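A.B. asks: Here's a structure for you.
The values are calculated or read from the model by the stated rules, or taken from the named source; none is laboratory data. Note that this is a predicted model, so its numbers are computed, not measured. Cβ placement follows ideal geometry from the backbone for every residue including glycine, while neighbour counts extend to all protein chains displayed. The protein model used for the area step is the full one, side chains on, heavy atoms only, and it has no ligands, DNA or RNA in it. Shrake-Rupley method; radii C 1.70, N 1.55, O 1.52, S 1.80 Å.
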Amino acid sequence: MKPLQPVSAPARVSYGVGFFALFVAVWAVATLGGFVPKLFLASPITMVEEGWALMTVHGFAYDIGITIWRVVGGFVLAAAIALPLGIMMGAYKPVEAFFEPFVSFARYLPASAFIPLLILWAGIGETQKLLVIFIGSFFQLVLMIAVAVGGVRRDLVDAAYTLGSSDRSVVARVLLPNAAPEIAEILRMVLGWAWTYVIVAELIGSSSGIGHMITDSQALLNTGQIIFGIIVIGLIGLISDFLFKWANQRLFPWASA
Amino acid sequence: MNKLSIEGVGKLFAGRGESQPTRALMPATLDIADKDFITILGPSGCGKSTLLRIVAGLETASEGRVLLDGRPVTGPGADRGMVFQSYTLFPWLTIIENIAFGLRERGVAETQRLDVARRWAQQVGLKGFENHYPKQLSGGMQQRTAIARALANDPEILLLDEPFGALDNQTRALMQEMLLGIWEREAKTVMFVTHDVEEAIFMASRVVVMSARPGRIKADIAVDLPHPRPYTIKTSAAFVALKERLVEEIRAEVMASA
Ligand SMILES: Nc1ncnc2c1ncn2[C@@H]1O[C@H](COP(=O)(O)OP(=O)(O)O)[C@@H](O)[C@H]1O
Ligand SMILES: [Mg+2]
């Protein structure tokens, strides 16, 4: 193999699928071959059966819907506030100097550790779930967006000024479009993280959602259902990632290599 | 009449922390006549860019002042168009949108500004590339676009900071001819910075030579070659004589700085 030598598109797909197949094969051999006790790990076949039962009998589709709603709701809320704040911080240094130290500190506060506190404040309803997602993604978003906006090439800003741009117009017509593809990429990444927070929020004090199903199944020692739930989360992540990438390429044709 | 007056303009960059401030430019005085094409020639690091950026309003002078049509320059503005050595097209805009950028900032209606931009795209030889993005174009074409973008704004003076510095020799020669052609047709006031002697003579009616760092104006030499100037003029006796003289001037400075 030559370093950095690209692979063709079909080869790329077959390699990618290949590892999935290998993974499932190893799992099947370990469980069906009796190397791992059934109690600890269900086989792929059991997992599919349990999953089918979940969807058809236990109304798991509703839980999936609830979880997606929570992630998207909390994330949209965080993004709606993080975008203007991050842009202001990236563009105006005094604003950055004011907020940056606190946001940097708040970013390291683990969202999951807030769950007991949030339950105390907001109960175990939807507000609490949304707040967990919000806390988990807001500070990350703000910081990364500020860096993306502030990272504009200085000479592009100079060029705009010599073309008659005002300060506001430099922000709106240079800093923003310049950072847009990177901001879209940041949203994609942080949305991925939001998925881990929602599951944690649902593991504790919840009566619906994928995370709640997983806790229930644990009580019943139903590893097939747990694994099915985890795989569903992975699949949703994969789909949303794919949609984001596709949209970014459509929206920012000038940025793709 | 003077278009631009540079009156005792100097620059001292503040040092970082304990370090001493650096003198980038000794106070310089220079008048540029309306519709004149002057080149500023000097070894690298002598303060050419600093001087041009002060004229553009992107940098403040430590002393002295710059007057455009008798009014002091206080900041950057559309009346002084600039072309940079680095490629500064906006990557998210197409070529035609890049050229129309200044007009959009001024609030010119879309159809009208695209008309003007298309005309300039044609003038600099970019017909057929209007809807390309900058990254799809060669360096030479990007600099053509940058020149068109500055000119579409109809500035009082065009400032160019080694715009062809990163191009290969053949492309560079073509670009010089193109710019000279535009100047001959449009009668613009131009201030062009370069460290290349041949480039300085070929386009200019005046070459201002700067000394090694910290830069000061060392010589101011008129170029009395006729217009229009074909590229073959570079081998004429008058051109060669001028070139020898300037090479001598610059050599002394390069030796002082290298
Ligand atoms: N922002 C700055 N801060 C400190 N020193 C600078 C700055 N910009 C330029 N200089 C210094 O000023 C001198 C002149 O720079 P410049 O005008 O870019 O020269 P030229 O364009 O002739 O090569 C150089 O020695 C450079 O290091
Ligand atoms: Mg320079």
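A.B. asks: For segment B:140-188, what are the residues that are in a helix (DSSP H, G or I) and within 16 Å of ligand 1 (Cβ to nearest atom)? Can you show your working first?
C.D. replies: We begin by selecting, within segment B:140-188, every residue in a helix (DSSP H, G or I); these are B:140-152, B:169-186.
Answer for segment B:140-188, where residues must be in a helix (DSSP H, G or I) and within 16 Å of ligand 1 (Cβ to nearest atom): there is none.
A.B. asks: If a residue has to be open to solvent by less than 30 Å² (accessible area, probe 1.4 Å) and not aliphatic (A, V, I, L, M) to count, how many in segment A:51-97 make the cut?
C.D. replies: Within segment A:51-97, residues that are open to solvent by less than 30 Å² (accessible area, probe 1.4 Å) and not aliphatic (A, V, I, L, M) number 10.
A.B. asks: Which of the residues belonging to segment A:38-50 are surrounded by fewer than 15 Cβ atoms within 10 Å (Cβ to Cβ) and closer than 23 Å to A:Val200 by Cβ?
C.D. replies: A:Phe40
A.B. asks: Out of curiosity, is A:Phe244 part of a helix (DSSP H, G or I), in contact with a Lys or Arg (Cβ under 6 Å, 6 or more places away or on another chain) and of a type in the set (Phe, Trp, Tyr)? Write out each step before concluding.
C.D. replies: Numbers: part of a helix (DSSP H, G or I): yes; in contact with a Lys or Arg (Cβ under 6 Å, 6 or more places away or on another chain): yes; of a type in the set (Phe, Trp, Tyr): yes.
Judged against the criteria, A:Phe244 is a match.
A.B. asks: Out of B:Ala24, B:Ala56, B:Ala28, I need the residue that is at pLDDT below 95 and either within 19 Å of B:Glu156 (Cβ to Cβ) or more than 10 Å from ligand 1 (Cβ to nearest atom) (or both). Which one?
C.D. replies: Numbers: B:Ala24 fails: either within 19 Å of B:Glu156 (Cβ to Cβ) or more than 10 Å from ligand 1 (Cβ to nearest atom) (or both); B:Ala56 fails: at pLDDT below 95.
Just a single option satisfies the conditions, and that option is B:Ala28.
A.B. asks: Quick one: how many residues across segment B:156-188 are within 16 Å of ligand 2 (Cβ to nearest atom) and open to solvent by less than 10 Å² (accessible area, probe 1.4 Å)?
C.D. replies: 4
A.B. asks: Quick check: is even one residue across segment B:127-143 open to solvent by less than 10 Å² (accessible area, probe 1.4 Å) and of a type in the set (A, V, I, L, M, F, W, C)? Before you say what the answer is, go through the steps one by one.
C.D. replies: From segment B:127-143, those open to solvent by less than 10 Å² (accessible area, probe 1.4 Å) are B:134, B:140, B:143; that's our starting set.
Among the residues that remain, those that are also of a type in the set (A, V, I, L, M, F, W, C) are: none.
Taking every residue of segment B:127-143 in turn, none turns out to be open to solvent by less than 10 Å² (accessible area, probe 1.4 Å) and of a type in the set (A, V, I, L, M, F, W, C).
A.B. asks: Based on what the data block shows, is B:Asp161 within 14 Å of chain A (Cβ to nearest Cβ), of a type in the set (D, E, K, R), within 13 Å of the chain's Cα centre (by Cα) and closer than 24 Å to B:Arg71 by Cβ?
C.D. replies: Working: within 14 Å of chain A (Cβ to nearest Cβ): yes; of a type in the set (D, E, K, R): yes; within 13 Å of the chain's Cα centre (by Cα): yes; closer than 24 Å to B:Arg71 by Cβ: yes.
It is true that B:Asp161 is within 14 Å of chain A (Cβ to nearest Cβ), of a type in the set (D, E, K, R), within 13 Å of the chain's Cα centre (by Cα) and closer than 24 Å to B:Arg71 by Cβ.
A.B. asks: For a quick check of your reading of the model, give me the residue pairs whose first member lies in segment B:45-59 and is at the interface with chain A (Cβ under 10 Å from one of its Cβ atoms), whose second is near ligand 1 (Cβ under 6 Å from one of its atoms), with beta-carbon atoms closer than 8 Å and at least 6 apart or on different chains.
C.D. replies: B:Glu59/B:Thr50
A.B. asks: Within segment B:191-208, does at least one residue satisfy the condition of being within 16 Å of ligand 1 (Cβ to nearest atom), touching a residue at least 60 places away in the same chain (Cβ under 8 Å) and within 14 Å of chain A (Cβ to nearest Cβ)?
C.D. replies: yes
A.B. asks: Turning to a different aspect of this structure: Here are B:Arg229, B:Arg251: which of them is open to solvent by less than 20 Å² (accessible area, probe 1.4 Å) and not assigned by TED's automatic domain parsing to the domain that holds B:Leu126? Outline the logic, then answer.
C.D. replies: Working: B:Arg251 fails: open to solvent by less than 20 Å² (accessible area, probe 1.4 Å).
On inspection, the qualifying residue turns out to be B:Arg229.
A.B. asks: Sticking with this structure for a sec: Return the residues of segment B:10-51 that are within 12 Å of ligand 2 (Cβ to nearest atom) and out of contact with any strand residue (DSSP E or B) (no Cβ under 9 Å at 6 or more places or on another chain); say none if nothing qualifies.
C.D. replies: Answer for segment B:10-51, where residues must be within 12 Å of ligand 2 (Cβ to nearest atom) and out of contact with any strand residue (DSSP E or B) (no Cβ under 9 Å at 6 or more places or on another chain): just B:Ser44.
A.B. asks: Here is a follow-up. For A:Ile66, state whether it is under 18 Å from A:Asp216 (Cα atoms) and of a type in the set (A, V, I, L, M). Steps first, please.
C.D. replies: Working: under 18 Å from A:Asp216 (Cα atoms): yes; of a type in the set (A, V, I, L, M): yes.
Spelling it out, A:Ile66 is indeed under 18 Å from A:Asp216 (Cα atoms) and of a type in the set (A, V, I, L, M).
A.B. asks: Moving on. So in segment B:69-80, with the set limited to residues that are within 13 Å of another protein chain (Cβ to nearest Cβ) and touching a Lys or Arg at 6+ places or on another chain (Cβ under 8 Å), which one is farthest from B:Met26 (Cα to Cα)? Spell out the reasoning first.
C.D. replies: Filtering segment B:69-80 for residues within 13 Å of another protein chain (Cβ to nearest Cβ) gives B:73-80.
Filter once more, so that each one left must be touching a Lys or Arg at 6+ places or on another chain (Cβ under 8 Å): B:73, B:78.
Working: B:Val73: 19, B:Ala78: 27 Å.
Checking each candidate, the answer is B:Ala78.
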